[in-house]
Amino acid sequence: MKKVQKIWDWYFNMIENTGQHDQHDYRLMKDLKLIDARPEGRVVWALKIPMYLCNSHRMFSWMGWVGCRADWIHVGVGNLHGGAAALIFDMCTMSALGPLHEEGGWNFLGGLSRSLHPNSNVSYIRGCELGTDVIIDCYVIQAGRTMAFIRGDIKSPDGSLVYASTEHHKVNYGPSEEMMMYEPKYEENTEVKPKL
């Protein structure tokens with residue numbers, strides 16, 4: 001879990017020092033809670049679906065003609081937006097590479113993992129309503145020196161429902177010099193307390 005914590009520390013260090021607090025991924029990363037991280041490249045996150053990640057088209061539904069006019073009725077809350085599901089997967093699949101980090105290999109920020117969007121696939125299986133508790137389970141299928149293939153699922157905490165699934169290809173091209181300035185430094189045997 002130490003290597004995944006380093007990713008989050010690095011990211012928040014960069015955001016706090018560059019004033020980029022209005023980004024969607026920043027807000028999402030603050031809401032994610034790390035449940036598990038395994039050395040083989042698997043992470044599990046918990047999230048309660050917040051309003052800012054939901055669409056609004058489910059807020060009202062066509063009721064049909066009532067007398068001589070069309071009418072709309074309120075039918076409930078929005079569901080997780082498809083673009084927000086892709087954002088969740090982008091950030092969480094990236095963190096699955098954290099446990100595999102070695103010097104000269106996969107790293108974070110500008111180089112840990114940038115997806116090849118044409119080669120990313122998200123399947124939206126069922127609606128996931130505002131306030132739903134979910135886990136995001138991501139695991140590395142293959143990671144070479146420069147390319148990685150990762151799968152992920154957004155599902156119910158007991159695993160009985162899958163809301164969305166992804167197959168994500170990532171590329172390692174190394175972080176920029178500016179991003180390297182914000183890398184947290186830990187001694188090899190230092191215990192890092194999770195802030196996630």
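All of the numbers you see were taken from the coordinates with simple rules; none came from a lab. Just so you know, these numbers come straight off a predicted model, no measurement behind them. Positions of Cβ are generated from backbone atoms using ideal geometry, with glycine treated the same way; all protein chains shown enter the neighbour counts.
Most tightly packed first, judged by the mean number of other beta-carbon atoms within 10 Å of their residues, the peptides 17-30, 41-54 read 41-54, 17-30. In this label model, Asn55 and Glu178 are separated by 3.4 nm, measuring between points 7 Å along each Cα→Cβ vector.
The shape of segment 9-59 comes out oblate: with a ≥ b ≥ c from the C-alpha gyration tensor, a/c is at least 1.5 while a/b does not beat b/c. Computing FRET efficiency as 1/(1 + (r/R0)^6) for Thr146 and Ala46, where r is the C-beta to C-beta distance and R0 is 30 Å, gives about 0.45.
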